[in-house]
Ligand SMILES: Nc1ncnc2c1ncn2[C@@H]1O[C@H](COP(=O)(O)OP(=O)(O)OP(=O)(O)O)[C@@H](O)[C@H]1O
Ligand SMILES: [Mg+2]
């Protein structure tokens, strides 16, 4: 039977590969009559949580099927079972009308399932070519031929990639391309994408969608997870909505609004953040950057070029920009993780701090939330209490006579969990076992609740569901209301327009003049983001 | 100084470098898979005593070497069971392995102290091995000397060009990614740990059968630790490990020669430090230089991996 299936697969691959697979031929009855994928009664429990409970739905051939749900609803867990990384406790996976066992990702790929992960499954120190080869079951002996195929396929789908580049030198968008191209090379019949766009720029999203529509036209089904409901409306034919691990609704996204889908997800009224009124944020200047220049930390990065910026109390200043234009280094320079050449390049409340480290700056009231969550913003193997303690022990007074006051820290962690609706069994859970969005809520919440006088935050709602994003944004607005100065670095223009009093744009390591958000248009910012420099995808084309 | 004094010196350099090279190349493979096994010294000692005992008992050095390899593999399997299956701390387990190895080897070896054994014979090629200078220098060694160099070539090729090597590096680079693509992280690490054990065992065999053909308690004299340091200072690159091992061997012999020839007024303790110092300096300068490779250390080195299922 296995042999038969493989033969069937080969036939299929060949057809898709030659691009002749438009629509179903009449002879392809087996494919036509059955859904490509059918889940029936999938249940999966982790210690303390039931991540999936009796989940059933179908994905038709050539359908783009959305999987929606709040953070922690069990979306990633579900697709990991489809890809053979996790084993269901009970339930069946039916593929082309036949019940199958998917014991491993190899088995999934043999069936024709490809997967793009929420947290990338890449190897930083290796080349694009190695990464692609590792993700294929039979990459062949000839590396040059594989490199050529990578170039061909990536270009024909509008996702140019240079096989020789090492992954750590690539932008987030380019990294994601590796995952996509790795799947495309194996001509998948079902592509699972777990939040592929949460880190992409609008242009990159546009390109990705073109690719996905092309795949759909070739008969490939797509199971698509995202929190960006407008994108779901634009792209998907069907949606299944999970809440607390159960299927609570199914709908046609084209006939819903983003708001109505958000309400289906949370099962309650959805409250969005009101745009800030103009004219706020006229307090004293709290932080200044003066001609801040810095070499990039990573090879292939862009240097920061003479950045001038001032941030007032009570103000939210947004910095828009395509990822990889120096945001990481800018944040590190402000946080103190990287020191400026002169003390005067970074000024906090009139004090030059350019040569001070992160702890000293934190003491002065400057808190930062970095972009990478695991390993940078949180220690994955440590409990939430310990993670809270790490960043907040000074400001929140968790020290008692030279010892750590664990009870107090636990109380603080519990408050973060409550205020920001972090879905987790408790304060002693390891940070790494939280779902992506919940970890983000915890990290951002941890900083906001410390009531920093100056808060610098990158991508505050990255991977966070609509309701939780609104909570985080509201908390930022409230914090600014108490007089704190806030700098938000993000590529989500809608978010910046909602939150900010002023918006500046970072492009190729330069930061533009900040403009009042009430008068600036999306087009204007979009143009500046592209800059004279164009997109930062040099070398990849 | 003439060729007659230099030649024996060069030969001893090779002899001093070989056990280091063997042990380091094995540990390099282990570490590339993300496992830090600090038990090298212990595995070498057990390898040394088992090789000695089996050679004395059977009269066959080859059997001795094979037995040493198996002894190394067995100890490394114990290490693997504790750290990979039972998730024990790698550093603590490695240290325990070394202490265990010291104890067990002196227990087994107590009855062999003072027993003679025939030095491992050189593989000689009639004609060529008799050539002046070149003959003894290149063609007059035992099988383990050639084996160590061959092993380096093999490991360098394996890591750089084979698919299995790519997977091994991937596992050491990101166990989570490797797991989610579908590689059996634990299995790969077991194999890498076993290779490390095999090499350490053989390195021990070289010490007790060739370098000083006898059994002395604690005869590795810290070479296992040097091998460990060598791997890191060589930035996990096989050819640099080879270079490092030979520099170490070279300076060891040089300082012994200087001390023996009446000295130049430097305290012998300082002279004894020289090989370590020289090796560290040379390799540090290399790995700090402009031609250094970025991100050389396997990113998951020493981290336990527990897959969710
Ligand atoms: N390995 C694990 N061990 C224990 N609990 C886990 C594990 N993986 C996930 N969980 C829990 O299972 C639940 C579902 O998590 P999952 O990652 O599937 O959510 P999600 O819907 O993908 O959320 P997000 O939108 O934030 O990515 C969460 O409560 C999470 O904490
Ligand atoms: Mg998820």
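When Cβ neighbours within 10 Å are restricted to other protein chains, what is their mean count per residue of peptide B:163-174? Please report the intermediate quantities before stating the final value.
Numbers: counts 4, 0, 0, 7, 2, 0, 5, 9, 2, 2, 8, 7.
That average works out to 4.
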Problem set entry | Three-way shape call for the stretch B:1-145 based on the alpha-carbon gyration tensor, with the a/c threshold at 1.5 | prolate
Exercise. Nearest 10 degrees, 0 to 90: what angle lies between the long axis of helix B:90-109 and the longest principal axis of chain B (Cα atoms)?
Worked result: 40
For this session: Treat each spin label as a single point 7 Å out from the Cα along the C-beta direction, and report the residue A:399 to residue B:11 distance in nm.
Result: 6.6
Exercise. When the chain is fully extended, how far beyond the present Cα-Cα distance does residue B:4 get from residue B:285, taking 0.36 nm per residue of separation?
Worked result: 97.8 nm
Problem set entry | Paramagnetic reach from residue A:138 in the stretch A:88-110 [backbone N under 13 Å; point 7 Å along Cα→Cβ] | A:110
For this session: Please work out the FRET efficiency for the pair residue B:154 and residue B:99, using the Cβ-Cβ distance as r and a Förster radius of 30 Å; give the result to the nearest 0.05.
Result: 0.45
Exercise. Expressed as a whole percent, how much of the Cα-Cα distance distribution for the stretch A:285-540 exceeds 31 Å?
Worked result: 22
Seminar exercise, completed: At 25 °C in a medium of viscosity 0.890 mPa s, the protein assembly as shown has a Stokes-Einstein diffusion coefficient, with Rh taken as the Kirkwood radius over alpha carbon pairs, in µm² per second, of 81
Exercise. How high is the FRET efficiency from residue A:145 to residue B:115, r the C-beta distance, R0 56 Å, rounded to 0.05?
Worked result: 0.40
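Could you work out the mean count of beta carbons from other protein chains within 10 Å of each residue's beta carbon in A:133-141? Display every interim value, and only then the final one.
On the way: counts 4, 12, 5, 1, 2, 0, 2, 0, 1.
Per residue, the average neighbour count from other chains is 3.
Please report A:169, B:85, B:98, A:406 as a ranked list, fewest other C-beta atoms within 10 angstrom at the top and most at the bottom.
On the way: A:169 17, B:85 10, B:98 23, A:406 13.
Arranged by neighbour count, lowest to highest, A:169, B:85, B:98, A:406 become B:85, A:406, A:169, B:98.
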For this session: Based on the mean of other Cβ atoms within 10 Å per residue, sort peptides B:205-214, A:227-236 so the most packed one is first.
Result: B:205-214, A:227-236
Exercise. Where does each of B:151, A:136 land when they are ranked from fewest to most other beta-carbon atoms within 10 angstrom?
Worked result: A:136, B:151
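So if the hydrodynamic radius of chain B is defined as the Kirkwood radius over C-alpha pairs, what does Stokes-Einstein give as its diffusion coefficient at 10 °C and 1.306 mPa s, in µm² per second? Numbers along the way, then the final one.
Numbers: Rh = 20.0 Å.
Estimated diffusion coefficient is 80 µm²/s.
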Exercise. Distance from the Cα centre of the stretch A:396-456 to that of the stretch B:158-230, in angstrom?
Worked result: 42
For this session: Calculate for the protein assembly as shown the 222 nm mean residue ellipticity that helices alone would give, adding -39,500 (n - 2.57) per DSSP H run of length 4 or more and normalising by residue count, nearest 500 deg cm²/dmol.
Result: -14500 deg cm²/dmol
For this session: Could you work out how far helix A:172-184 tilts from the main Cα principal axis of chain A, as a 0 to 90 degree angle to the nearest 10?
Result: 10
Problem set entry | Helix B:223-233 axis, angle to chain B major axis (alpha carbon atoms, nearest 10°) | 60
Exercise. Any idea what the relative contact order of chain B is, in percent, if you count C-alpha pairs under 8 Å spaced at least 6 apart?
Worked result: 36
For this session: Please give the average number of partner chain Cβ atoms lying within 10 Å of the Cβ of each residue in B:196-202, rounded to a whole number.
Result: 0
Exercise. Using just the C-alpha positions of the stretch A:96-250 as equal point scatterers, what log10 of I(q)/I(0) does the Debye formula give at each q in 0.10, 0.14, 0.17, 0.19 1/Å?
Worked result: -0.37, -0.72, -1.06, -1.29
Exercise. When the distances between all Cα atoms of the stretch A:52-91 are binned every 10 Å from zero, what whole-number percent does each bin get?
Worked result: 24, 57, 19
Seminar exercise, completed: Restricting to Cα pairs under 8 Å and 6 or more apart, the percent relative contact order of the stretch B:126-246 works out to 19
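Every number here is computed from the coordinates shown, using simple stated rules; none is lab data. Because the structure is predicted, anything quoted here is derived from the model rather than measured. Glycine gets a Cβ as well: all are built from the backbone with ideal geometry, and neighbour counts include every protein chain shown.
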